[in-house]
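So the structure is just underneath, and the comments pick up after that.
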Amino acid sequence: MEYKPGDIEPKWRSYWKEKEIYKVSNKSQNPKFYVLDMFPYPSGAGLHVGHPLGYIASDIYSRFKRMNGFNVLHPMGFDAFGLPAEQYAIETGIHPAVSTADNIKRYKEQMDNIGFSFDWSREVETCDPKYYKWTQWIFLELYQHYYCQQDNKAKPIADLIKTFEKEGNSKIKAASTQSDQFTATEWKNMNRKTQEEILMNYRLAYRKTGFVNWCEALGTVLANDEVKDGVSERGGHPVIQRPMLQWSLRITAYAERLLNDLDHVEWSEALKTMQRNWIGRSEGAQVFFDIVGHDQQIEIFTTRPDTIFGATYMVLAPEHDLVAKLTTPEQRNEIDAYIKYVNSRSERERMAEVKEVTGAFTGAYAINPLNEMKVPIWIGEYVLKDYGTGAIMAVPSDDERDKAFATKFGLEIIDVVDKTDYPGATLHDKLGKMINSGFINGMEVPEAITATIKHIEALDRGAGKINYKLRDANYSRQRYWGEPFPIIYDNEGIPHMDTNLPLTLPELDEFKPGSGEAPLSLAKDWVHEIDGFARETDTMPGFAGSSWYFLRYMDPDNEDEFASQEALNYWRDVDLYVGGTEHAVGHLMYSRFWHKFLYDKGLVPTKEPFKKLINQGMIQGIIEFVYLIKDQVDSDKRFFSSDLATERFGDNIGEHATKIPVHIDFVQNYGTSESCLNVEGIRKFIEWRPDYKDAIFESKEGQFHNGSFIPVTGASDMRFMTHSEVGKMSKSKYNVINPDDVVADYGADTFRMYEMFLGPIEQSKPWDTNGIDGVYKFIRRFWSLIHKEDGTLNITEEKPSPAALKILHTCIKKVSTDIERFSFNTCVSSFMVCVNDLKKNGASPKAIIEPLTLLLAPFAPHICEEVYSLLGHNESVHLAEYPIFDESHLKEDSVEYPICINGKKRAVHHFATDASKDDIEAIALEIDAIQKWLEGVQ
Ligand code: ANZ
């Protein structure tokens, strides 16, 4: 019988659905195992072949664990709120709810087509009010908590208020932006508004005016990880800094735990390093400098307090609060002009290795607290407003940027660290001996750091301090398609919680954002629904819903809690998480933070949400180009076949031709060195790009011009060679391959195995259609093992031969260990070797085919289900037990020995592995070839 995936696969997919074989219960005698994929954002473009790479790997692993006796949770859902659906709505008038639902439907069909073992009964959609009710609930919990640095955990704001009432805030050690101290009496005498403002400085979800990344084109504020190189990650629009009143999450309170707990998760070192750098812990000191003629002080953060005797000037960030106050009338014009210049520059430009040093003098002076030296105060763009305190003491002798600044503006440089004993040491090594530095002279740097901090603390001029680069997360978006904040403001502007959850998003037909005005402000009735109050009109950002979805899968229908304690204590955490590195510092940081907060509240049983994490690489696309020649003499547009272009221009091709991408549907032999357009392909290309309808296409076979092909003698068609390049697979590159098409041609089993066969899962690799035939051939070979030429079944009840058992168990051993190592490509190779060897071996007894089918089932679930049923089973292969490796089958029962006479090899012979020395000798002596040499000797 011919192998027809088109018949087999849909049949079994319906069977699985109908029998709910992947449905998993929260109650089981079996140990749990939770395999999670990063849930997709359902975009309008649908899935391309790059998307399922991680899903296939996690599906194989889930199936493998299931067959090994684990109760496997393997869910899927959709990250369904977000900008693109809203942008699409603005362009097309189709409501985000409608387009999102359509996209989800398409994604599900595409995923189902690949035969994933998701338990769809647990599906989660972040835009579903039943889900976002709990996103809003967690937000309110964050709002009602502060971070206690004494107990190192989140605690209720109510406790904090009690302490304020009893003893003010002087003894409170909390993550906060509250700088002023107050007594209990002062607290009690404050009005509600002031009290509320103070509480905001402690809450884990709080509102503050701050500089935000404002994107005019998108009409919204963006988080730091949504901005790349000064432009929005989505759409590449310019982003500027602008002050706005926004909600934020105090993730910085958890910086130390987010850092330390990385030691306890099994993630790649590369990913951990990305998180560590993003958190950016620095040990140093805060120091207060007096200002001549002012009451206020400048607070600085330094990692090198030991160099304070070399601090010859200070630099404030141009946005620093004190700049306006300190600037003398003589310097005002210069400072104003400089600030204007800085405002025109993005943070990225400012942080870049500054080639040109810029700055301006305020006219004011500070006093170095250790040597009483009067030092000028400058402003400069290299000092960032959000890092440390936004002010530095500049030590030009040791800091490169300070040195460049001092050199340019002629400021004093005093050497304070003698590094002659440490040639080649850099600043970060913190090595050298102190000179010109008063009481620390002669000390080595580490000792000097400790001594200076002690001294500064004794003088009450500062203290040792740990600083983080991590910033609090901006949590407000001026957009429609997101979770509404369950917050209402009274007429004094004091926020209150609206605990009647879910607070559903109002229906709106018009949601074009205004400049800073959120679309929800257009829903007037909704905003003023509660008498005397106005609702918050910002919505939550994209990372809100994705910060806890993995917990909801544990108990998706719960209406009373985000998930029951029973479910949470059973599933605990994610054992294996598979997803892309693009979420390294966004989603993966936010969800760890939310999880830790819930842990502090005793609501989740583990400190970390994701035990093991694997980053799949990307499947790249191949982009096909044609060469449009630039410097032709005639006025016609002229394309050269790539072989002609190379012949004519060699390496200088870039100077003479522009590359125009071609839709890959028109290309023959796509992605190979033979890729080309034939006459038909050129016609399609012109139809697609009518601006080239008059162009001349020139190849070795002739010319195509004005709709006709003029061949050189003998040519019947054109091979207009295209140029192939590896790049992103994307709609804009016209090289998207839809998994549905591959499945239609080869079946899902071939598609799954082929994606795994492409290479190690963590690596990025191009989609290379050449290899797919090899995998298809393998699947058909496997099929042919159990079918005779005439199509009848070829399964015998015979006892398997030791050779066949050896082939099988070699494969079992390799595949089961390789799956555990997530080395799926090598598993596919082992299957190929196994099937080839079995084929050579001849017979196909059931005792071999059955375990092989079980072994292959996680990779090729459909064909294995079919074969398993042909073998006479009524149960699904996916609920059966995984084959167990038996070492004894690998043992050789005979060994080949050379037989030497007087040191010369005279024969080879097979001996039983358990033969004794005497037996071997006796047998050897009987061998004819040996007898010959022994004649007359014995
Ligand atoms: C004096 C000093 C002497 C410094 C020296 C460095 C070397 P990391 O490791 O990144 O934390 N700094 C502090 N706040 C800054 C800001 N807002 N913008 C730009 N630079 C800032 O670096 C901390 C060091 O970077 C601090 O230590 C400060 O310069 C500078 F030989 O103070 B240092």
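Worth a mention:
- So Ala912, is it within 35 Å of the chain's Cα centre (by Cα) and open to solvent by less than 70 Å² (accessible area, probe 1.4 Å): no
- Residues that are aromatic (Phe, Trp, Tyr) and open to solvent by less than 50 Å² (accessible area, probe 1.4 Å) do not occur anywhere in the stretch 83-103.
- As for the stretch 317-324, it holds at least one residue that is open to solvent by 60 Å² or more (accessible area, probe 1.4 Å) and over 25 Å from Ala285 (Cα atoms).
- Filter pass, Ile622 being out of contact with any Cys (no Cβ under 6 Å at 6 or more places or on another chain), hydrophobic (A, V, I, L, M, F, W, C), touching a residue at least 24 places away in the same chain (Cβ under 8 Å) and closer than 21 Å to Asn770 by Cα: yes
- Residues satisfying the criterion are absent from the stretch 330-343 (criterion: surrounded by fewer than 20 Cβ atoms within 10 Å (Cβ to Cβ), of a type in the set (Lys, Arg), over 21 Å from Gln297 (Cβ atoms) and within 15 Å of the ligand (Cβ to nearest atom)).
- Verdict on Pro42 being farther than 21 Å from Val736 by Cα, in a loop (DSSP other than H, G, I, E, B), within 23 Å of the chain's Cα centre (by Cα) and not hydroxyl-bearing (Ser, Thr, Tyr): no
- Qualifying residue in the stretch 236-254 (condition: in a helix (DSSP H, G or I) and more than 21 Å from the chain's Cα centre (by Cα)): yes
- For the stretch 452-464, the criterion of being exposed (fewer than 15 other Cβ atoms within 10 Å of the Cβ) and under 30 Å from Trp214 (Cα atoms) is met by no residue.
- Any chance Asp290 is more than 30 Å from Ala324 (Cα to Cα), more than 16 Å from the ligand (Cβ to nearest atom) and out of contact with any His (no Cβ under 6 Å at 6 or more places or on another chain): no
- Residue count for the stretch 112-136, restricted to those that are open to solvent by less than 50 Å² (accessible area, probe 1.4 Å), part of a helix (DSSP H, G or I) and out of contact with any Leu (no Cβ under 7 Å at 6 or more places or on another chain): 6.
Conditions (1) among the hydrophobic types (A, V, I, L, M, F, W, C); (2) open to solvent by 20 Å² or more (accessible area, probe 1.4 Å); (3) in contact with a strand residue (DSSP E or B) (Cβ under 7 Å, 6 or more places away or on another chain), marked per residue:
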| position | (1), (2), (3) |
| --- | --- |
| Val585 | yes, yes, no |
| Val604 | yes, no, no |
| Gly621 | no, no, yes |
| Phe639 | yes, no, yes |
| Asn652 | no, yes, no |
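- Residue match in the stretch 386-406 (condition: open to solvent by less than 60 Å² (accessible area, probe 1.4 Å) and away from the ligand (no atom under 15 Å from the Cβ)): no
- Residues within the stretch 186-225 that are among the β-branched types (Val, Ile, Thr), open to solvent by 40 Å² or more (accessible area, probe 1.4 Å) and touching a residue at least 12 places away in the same chain (Cβ under 8 Å), tallied: 1
- Apart from one condition, Asp498 fits all of (1) under 37 Å from the mean Cα position of the chain (by Cα); (2) farther than 30 Å from Leu204 by Cα; (3) of a type in the set (Asp, Glu); the exception is (2).
- Within the stretch 819-837, the residues that satisfy the criterion of being β-branched (Val, Ile, Thr) and either surrounded by fewer than 19 Cβ atoms within 10 Å (Cβ to Cβ) or farther than 14 Å from Leu855 by Cβ (or both) are Thr826, Val833.
- Within the stretch 137-154, one or more residues are out of contact with any Lys or Arg (no Cβ under 9 Å at 6 or more places or on another chain), crowded, with 23+ Cβ neighbours inside 10 Å, assigned to a helix (DSSP H, G or I) and modelled with pLDDT of 95 or more.
- Qualifying residue in the stretch 647-664 (condition: of a type outside the set (Asp, Glu), in a loop (DSSP other than H, G, I, E, B) and closer than 23 Å to Thr769 by Cβ): yes
- Within the stretch 815-830, restricting attention to residues that are touching a helix residue (DSSP H, G or I) at 6+ places or on another chain (Cβ under 6 Å) and touching a residue at least 40 places away in the same chain (Cβ under 8 Å), the residue that is nearest to Lys777 (Cα to Cα) is Val828.
- If you filter the stretch 849-875 down to residues that are over 35 Å from the mean Cα position of the chain (by Cα) and hydroxyl-bearing (Ser, Thr, Tyr), you find that the one that is least open to solvent (accessible area, probe 1.4 Å) is Tyr868.
- Residue within the stretch 346-356 that is part of a loop (DSSP other than H, G, I, E, B) and within 10 Å of the ligand (Cβ to nearest atom) present: no
- Selection count where residues are open to solvent by less than 10 Å² (accessible area, probe 1.4 Å), more than 8 Å from the ligand (Cβ to nearest atom) and in a strand (DSSP E or B), scope the stretch 293-314: 3
- Among the residues listed as Tyr570, Tyr549, the single one being under 30 Å from Glu269 (Cα atoms) and open to solvent by 10 Å² or more (accessible area, probe 1.4 Å): Tyr570
- Listed by first and then second residue, the pairs linking a residue in the stretch 880-894 that is surrounded by 11 or more Cβ atoms within 10 Å (Cβ to Cβ) to a residue that is at pLDDT 90 or above and among the polar types (S, T, N, Q), with Cβ atoms under 7 Å apart and 6 or more places separating them unless they lie on different chains, are Tyr882/Asn68; Phe885/Ser816; Leu890/Thr810.
- Identity of the residue in the stretch 437-474, in contact with a Phe, Trp or Tyr (Cβ under 7 Å, 6 or more places away or on another chain) and within 14 Å of the ligand (Cβ to nearest atom), that ends up farthest from Ser397 (Cα to Cα): Leu470
- Candidate set: the stretch 407-432, residues that are among the charged types (D, E, K, R) and more than 12 Å from the ligand (Cβ to nearest atom); chosen: the one modelled with the lowest pLDDT: Asp421
- Yes/no for Asp555 being open to solvent by 20 Å² or more (accessible area, probe 1.4 Å) and in contact (Cβ under 8 Å) with a residue 60 or more places away in the chain: yes
- Of the criteria (1) crowded, with 22+ Cβ neighbours inside 10 Å; (2) among the hydrophobic types (A, V, I, L, M, F, W, C); (3) under 24 Å from Gln246 (Cα atoms), which one Phe511 fails: (1)
- Residues of the stretch 362-385 that turn out to be open to solvent by 10 Å² or more (accessible area, probe 1.4 Å), within 12 Å of the ligand (Cβ to nearest atom) and closer than 19 Å to His294 by Cα, as a count: 0
The values are calculated or read from the model by the stated rules, or taken from the named source; none is laboratory data. Keep in mind it's a predicted model, so treat the numbers as computed, not measured. Neighbour counts run over all protein chains shown; Cβ positions are idealised from the backbone, glycine included. Calculation scope for accessible area: heavy atoms of the full protein, side chains included, ligands and nucleic acids excluded. Shrake-Rupley method; radii C 1.70, N 1.55, O 1.52, S 1.80 Å.
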